[in-house]
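Participant: First the structure, then my questions, so here it is.
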Amino acid sequence: MTSMASLPKLPRRALGSTGLELSVLGFGASPLGGVFGDVEDDVAKKAVHDAFNYGINFFDTSPFYGLTKSETLLGKCLQGLPRSEFFVSTKAVRSTLLLRMPTYSLNDSTLETLIPYLEEKGVGIVSASPLCMGLLTEQGPPSWHPAPSELQPRGYDSQHSAEQPPMVTCVRTRRAHQLKVNLRSRNLSASRFSTVSVHGTTDDACRVAAACAKDKGSDISKIALAHAVRMPNICSTLVGMAHPDMVRSNVNTTLQALGLIPLEGGEAQAKIDAAVLKEVDGLLASVSGLSWASGKTQPGNA
């Protein structure tokens, strides 16, 4: 991995007609609220300061993350940095709005349909969670993840074979059938993904995609992040971070995706990643556009 001192600063993009410019990669501070596990203050502070030194100037938090813990810890971590050189966003009235997220990721690109309208109105676009809050990772999502069953992990049945591939538990029979067809057409069986923990009789599309990427020598998280930051119409893409190594990895992936530093593994890895992206797109086609509600519905918002 390229040393910190030799890395170029992350580029910035205009936030609509606001006159503000944000780093293409933003620091999502939900992990600082402990939503993915405990975080030590000194580790969090180094992560925030490293992010700033890499060129990240946009930090996003919310009182919802750890019941204000994220806001509090982020504030402490930002101390000592020049206040005029970074932006902090937080959220309010979560209980009165119904939000849908994420909307620009490998399994959900519905945001694309809104981009022309938003740009016409001068509205800046910030996209959050290209890894879908852990769905598009090798380790999988946390137990509290709100995604519908079509996307949530359920594990592989060890009795499945290439003729009887694992499939998604799916209310939408057509979607489940399509994923089954996608798996069979690629000759994917449970035995090829033995690293996936078994705790049920079915699996989800995102876990299958992650296992497929790993099996072919790629990383679903890096592919998902690279896919997101390459979208030029999106000002900044927020990724949850809490550890310096995580910050460094995400910055490297972003710079590589934008062609600002060489891809680790060179042309050979680029070909692998391109092939995996194409295959993952096919695997996730059966759940494309599925998302989940966030917040509390109120009269008129249902």
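The values are calculated or read from the model by the stated rules, or taken from the named source; none is laboratory data. What you are looking at is a predicted structure, and each value in this text was computed from that prediction instead of being measured. As a convention, Cβ positions derive from the backbone with ideal geometry for all residues, glycine included, and neighbour counts pool all protein chains shown. For accessibility, only protein heavy atoms count, side chains too; no ligands or nucleic acids. Shrake-Rupley method; radii C 1.70, N 1.55, O 1.52, S 1.80 Å.
Participant: Would you call L284 at pLDDT below 95 and touching a helix residue (DSSP H, G or I) at 6+ places or on another chain (Cβ under 7 Å)?
Facilitator: Values: at pLDDT below 95: yes; touching a helix residue (DSSP H, G or I) at 6+ places or on another chain (Cβ under 7 Å): yes.
So L284 passes the test.
Participant: Residues of region 1-53 being part of a loop (DSSP other than H, G, I, E, B), within 30 Å of P116 (Cα to Cα) and touching a residue at least 40 places away in the same chain (Cβ under 8 Å), which ones?
Facilitator: Filtering region 1-53 for residues part of a loop (DSSP other than H, G, I, E, B) gives 1-3, 7-11, 15-20, 24, 29, 34, 36, 38-40.
Keeping just the survivors that are within 30 Å of P116 (Cα to Cα) gives 9-11, 15-20, 24, 29.
If the condition is that a residue be part of a loop (DSSP other than H, G, I, E, B), within 30 Å of P116 (Cα to Cα) and touching a residue at least 40 places away in the same chain (Cβ under 8 Å), then K9, L10, P11, L15, G16, S17, T18, L20, V24, A29 are the ones that fit.
Participant: Shifting gears a bit: Take region 43-61 and flag every residue that is farther than 19 Å from A128 by Cα and either touching a Gly at 6+ places or on another chain (Cβ under 7 Å) or of a type in the set (V, I, T) (or both).
Facilitator: At the first step, the residues of region 43-61 found to be farther than 19 Å from A128 by Cα are 43-46, 49-50, 53-54.
Passing the criteria: only V43.
Participant: Could you count how many residues in region 225-257 are open to solvent by 50 Å² or more (accessible area, probe 1.4 Å) and in a loop (DSSP other than H, G, I, E, B)?
Facilitator: Looking only at that region, the number is 4.
Participant: Tell me the residue from K271, K222, K214 that is open to solvent by 30 Å² or more (accessible area, probe 1.4 Å) and under 14 Å from L106 (Cβ atoms), please.
Facilitator: Of K271, K222, K214, the one residue that is open to solvent by 30 Å² or more (accessible area, probe 1.4 Å) and under 14 Å from L106 (Cβ atoms) is K222.
Participant: Answer with yes or no whether A209 is surrounded by 23 or more Cβ atoms within 10 Å (Cβ to Cβ), within 30 Å of T18 (Cβ to Cβ) and modelled with pLDDT under 95.
Facilitator: Answer is no for this residue.
Participant: Within 22 Å of H227 (Cβ to Cβ), more than 19 Å from the chain's Cα centre (by Cα) and among the hydroxyl-bearing types (S, T, Y) - does that describe any residue in region 1-11?
Facilitator: yes
Participant: Can you find a residue in region 57-74 that is assigned to a strand (DSSP E or B), closer than 22 Å to P141 by Cα, at pLDDT below 90 and open to solvent by less than 70 Å² (accessible area, probe 1.4 Å)? Outline the logic, then answer.
Facilitator: Here is the first cut: in region 57-74, the ones assigned to a strand (DSSP E or B) are 58-60.
Going one step further and asking which of them are closer than 22 Å to P141 by Cα, we end up with 60.
The next check asks that each one be at pLDDT below 90; those that pass are none.
Taking every residue of region 57-74 in turn, none turns out to be assigned to a strand (DSSP E or B), closer than 22 Å to P141 by Cα, at pLDDT below 90 and open to solvent by less than 70 Å² (accessible area, probe 1.4 Å).
Participant: With K214, K222 as the choices, which residue is over 14 Å from the mean Cα position of the chain (by Cα) and part of a helix (DSSP H, G or I)? Break it down into steps so the answer makes sense when it comes.
Facilitator: Values: K222 fails: over 14 Å from the mean Cα position of the chain (by Cα).
Unique residue meeting the criteria: K214.
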